[in-house]
Amino acid sequence: MTAINQSSIVIEPSRGFISLKLKAIWDYRELLFFLAWRDLKARYAQTMVGLAWAVLQPLLMMIVLTLVFSRLANIPSEGVPYPVFTYVALVAWTYFAKSLDRGGSSVVAETNLVTKVYFPRLIVPMSAVLGGLVDFGISFVLLFVMMGWYGIVPGLQVLLLPLLIGMSVMTALSISLWLAAFYVKYRDVGAVIPLLTQVWMFASPIVYPLSMVPKDWQWLYNINPMVGLIQSYRWVLLGTEPPDPLLAAQSGCLVIVLLIGGIAYFNKVERTFADVI
């Protein structure tokens with residue numbers, strides 16, 4: 001726990017197995033926002049189109065996937081136009097994948113900061129995950145344009161969209177904490193993250209509907225927390241079939257367990273970061 005007065009900062013070890021260090025994170029909120037803003041600026045510095053990449057990346061992916069899986073493979077899309085069916089999933093997936101990429105390598109990338117200055121280390125992966133929300137929000141602009149083009153009007157369930165965005169942040173942070181902690185000790189994680197996201201993408205219902213997965217296997221398939229999230233985004237925004245409440249609860253519980261476990265493990269090993277990194 002960190003206590004701050006006008007003249008000194010007293011650093012004390014964390015108490016308990018799980019500590020969110022909310023007070024310490026609030027005390028260092030300016031650093032959190034600075035790191036998120038600096039990451040955003042660095043990402044688009046010296047690019048020709050800047051923040052437009054937040055839209056172009058999922059848009060180009062959507063075009064390619066539509067040509068391959070809708071036109072050639074004739075994959076169904078639960079009664080909605082395939083481009084918007086896929087783009088909704090890609091918006092959620094792109095935020096998750098980029099958060100894993102940036103969050104997983106965030107502590108190692110901040111070596112100079114971590115080894116020289118005290119601050120709650122949780123801020124580092126948190127800033128990487130929260131910084132992606134800007135891209136996430138911008139990519140929704142094209143989604144709403146596409147929904148207007150196809151005449152798709154969401155129902156009252158769209159009011160649940162902020163809850164889904166919160167779940168997306170929790171899901172991305174839960175995995176990022178594990179990856180960031182492992183990456184400090186095992187640099188192999190840097191090679192594993194791109195492979196993990198590629199495999200994970202095709203293990204999620206982005207280019208195909210959940211109905212194509214045999215019902216007997218859906219309980220196992222839903223261990224993937226992105227399944228419930230993508231289904232929920234499609235239901236909230238496009239009015240497709242709502243996710244099974246039991247399977248959605250299963251995904252939600254898994255995310256909470258992963259997040260609590262990630263915080264506990266990150267807190268346990270963070271005191272060794274400066275020596276190992």
For this session: Find the residue count for region 80-114, including only residues that are under 15 Å from Tyr150 (Cβ atoms) and out of contact with any helix residue (DSSP H, G or I) (no Cβ under 9 Å at 6 or more places or on another chain).
Result: 0
Exercise. If Asn112 satisfies every condition in (1) of a type outside the set (Ser, Thr, Tyr); (2) touching a residue at least 24 places away in the same chain (Cβ under 8 Å); (3) assigned to a helix (DSSP H, G or I); (4) open to solvent by 10 Å² or more (accessible area, probe 1.4 Å) but one, which is the exception?
Worked result: (2)
Exercise. Which pairs have Cβ atoms under 6 Å, sit 6 or more apart or on different chains, and link a residue in region 122-150 that is assigned to a helix (DSSP H, G or I) to one that is acidic (Asp, Glu) and open to solvent by less than 10 Å² (accessible area, probe 1.4 Å)?
Worked result: none
For this session: For residues that are of a type in the set (D, E, K, R) and open to solvent by 60 Å² or more (accessible area, probe 1.4 Å), scanning just region 238-270, find the one that is farthest from Leu90 (Cα to Cα).
Result: Lys268
Seminar exercise, completed: If we keep only residues of region 174-188 that are open to solvent by less than 20 Å² (accessible area, probe 1.4 Å) and more than 13 Å from the chain's Cα centre (by Cα), then the residue nearest to Leu100 (Cα to Cα) is Ala180
Exercise. Going through region 208-237 one residue at a time, which ones are closer than 21 Å to Val68 by Cβ and surrounded by fewer than 22 Cβ atoms within 10 Å (Cβ to Cβ)?
Worked result: Tyr208, Pro209, Ser211, Met212, Val213
For this session: State all residues of region 228-255 that are over 22 Å from Met147 (Cα atoms) and not charged (D, E, K, R); if no residue qualifies, say none.
Result: Pro245, Leu246, Leu247, Ala248, Ala249, Gln250, Ser251, Gly252, Cys253, Leu254, Val255
Exercise. Does Leu90 satisfy the criteria of being at pLDDT 90 or above and of a type in the set (A, V, I, L, M)?
Worked result: yes
Exercise. Do we have Leu67 as open to solvent by 40 Å² or more (accessible area, probe 1.4 Å) and in contact (Cβ under 8 Å) with a residue 40 or more places away in the chain here?
Worked result: no
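The values are calculated or read from the model by the stated rules, or taken from the named source; none is laboratory data. These figures come from a predicted structure and were not determined experimentally. All Cβ positions, even for glycine, are placed from backbone atoms using ideal geometry, and neighbour counts span all protein chains on display. For accessibility, only protein heavy atoms count, side chains too; no ligands or nucleic acids. Shrake-Rupley method; radii C 1.70, N 1.55, O 1.52, S 1.80 Å.
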